[in-house]
Amino acid sequence: MIAEALLYAATVPMTLKAHRRFIRYSVNLWSRAGRCSRQWAEHEERSRNAVRSAIAELRQRRTAVVLGSGLLRDVPIEELARTFDTVVLVDLVHLASVRLWLRLKRYSNVRLIERDLSGYDELAAGKQPEPLAFLRSVPYLDFVVSANLLSQIGRGAQRRYEAEQAGAMPADTVAQLIEAHRSALEAAPCKTCLVTDVSYAVIDRQGKVHDETDLLHGVALSSVRANWQWPVAPLGEESNGYQIVHQVVAAY
């Protein structure tokens, strides 16, 4: 708890006021990633390998943008920094630990941007959500990665919808925002790589599935080239009686 509190405190002054309420989610993820590092290792390596495979198909490697860069555990940041002229990391929160690690690595070509990638505010204002419209202004853009972000957009939108009792919001708010992200990636004028969990199952010690949930709310993905399981909450993390296993896909 002390480490989490210190990380939270260190991150606050580095974060835009509008985004500070999301710091605790990032700190909680950092804490769980540390506790579950062994169980998450395969997922993280498969995620990095999907990005590496997509990079191998590129003819030019000028600017790369990583959407949902997070803890950088599932992104091959060293290869990106080495092979691209510029790497832009975009997320709501960049923890102080991530900023320090990047500084120590002296990646002079890596840039950090704080941005809400959900499109929720646009939809709330009655507009068509275009959460990735800013990509059109990125010069020499050759590659975009969406790194285990899409389902988080959905979960974040669902929490906000319920907390704000957003009666004026469309009933399919979550699906609309997920589709906006998917379609924007598909329309991007460059190579893209989408890594996302698409569903999860609650499984007991005997292997019986007690619950299954579609994290993409009916939105279908194309060009899927790899899939695997991610034990987000292994036995003992949330309960000694069950684990939560996510299905992950990579499309590029």
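The values are calculated or read from the model by the stated rules, or taken from the named source; none is laboratory data. Fair warning: this is a prediction, and the values are worked out from it, not measured in the lab. Every residue, glycine as well, gets a Cβ built from its backbone with ideal geometry; the counts of neighbours run over all protein chains shown. We work out accessible area using only protein heavy atoms, side chains counted, and drop any ligands, DNA or RNA first. Shrake-Rupley method; radii C 1.70, N 1.55, O 1.52, S 1.80 Å.
A single member of 166, 180 is modelled with pLDDT under 95, of a type in the set (A, V, I, L, M), over 18 Å from residue 39 (Cβ atoms) and open to solvent by less than 20 Å² (accessible area, probe 1.4 Å), and it is 166. The residues on offer are 248, 219, and the sole one that is among the aliphatic types (A, V, I, L, M), open to solvent by less than 20 Å² (accessible area, probe 1.4 Å), under 29 Å from residue 134 (Cβ atoms) and not in a helix (DSSP H, G or I) is 248. Can you tell me which residue within region 160-174, out of those that are in a helix (DSSP H, G or I) and touching a helix residue (DSSP H, G or I) at 6+ places or on another chain (Cβ under 8 Å), is nearest to residue 214 (Cα to Cα)? Among them, the one singled out is 174. Residue 69 satisfies every condition listed in (1) open to solvent by 20 Å² or more (accessible area, probe 1.4 Å); (2) polar (S, T, N, Q); (3) in a loop (DSSP other than H, G, I, E, B) except (1).
Filtered by the rule that a residue be in contact with a Lys or Arg (Cβ under 7 Å, 6 or more places away or on another chain) and over 22 Å from residue 48 (Cβ atoms), region 185-234 gives a lone residue, 219. Tell me yes or no: at least one residue of region 136-159 is over 27 Å from residue 86 (Cβ atoms), without any contact (Cβ under 8 Å) to a residue 24 or more places away in the chain and part of a helix (DSSP H, G or I). Yes: region 136-159 contains one or more residues that are over 27 Å from residue 86 (Cβ atoms), without any contact (Cβ under 8 Å) to a residue 24 or more places away in the chain and part of a helix (DSSP H, G or I). Checked against (1) open to solvent by less than 20 Å² (accessible area, probe 1.4 Å); (2) farther than 24 Å from residue 28 by Cα, residue 106 passes all but a single condition, namely (1). One residue is enough: does region 183-190 have a residue meeting the conditions closer than 21 Å to residue 75 by Cα, under 17 Å from the mean Cα position of the chain (by Cα) and not charged (D, E, K, R)? Scanning region 183-190 turns up at least one residue that is closer than 21 Å to residue 75 by Cα, under 17 Å from the mean Cα position of the chain (by Cα) and not charged (D, E, K, R). Criterion applied to 99, 82 was being part of a helix (DSSP H, G or I), open to solvent by 10 Å² or more (accessible area, probe 1.4 Å) and in contact (Cβ under 8 Å) with a residue 60 or more places away in the chain, and the one residue passing it is 99.
Okay, residues lined up against (1) at pLDDT below 95; (2) open to solvent by 60 Å² or more (accessible area, probe 1.4 Å):
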residue	(1), (2)
123	yes, no
127	yes, yes
133	no, no
150	no, no
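Of 117, 112, 89, all but one fail to be open to solvent by less than 20 Å² (accessible area, probe 1.4 Å), assigned to a strand (DSSP E or B) and either free of Cβ contacts under 8 Å to residues at least 60 places away in the same chain or in contact with a Pro (Cβ under 9 Å, 6 or more places away or on another chain) (or both); the exception is 89. Suppose the filter is outside any helix (DSSP H, G or I) and in contact with a helix residue (DSSP H, G or I) (Cβ under 9 Å, 6 or more places away or on another chain); does residue 122 pass it? So residue 122 does not fit the description; no.
Screening the candidates 229, 206 for the property of being farther than 27 Å from residue 173 by Cβ, of a type in the set (S, T, N, Q) and surrounded by 12 or more Cβ atoms within 10 Å (Cβ to Cβ) yields one hit, 229.
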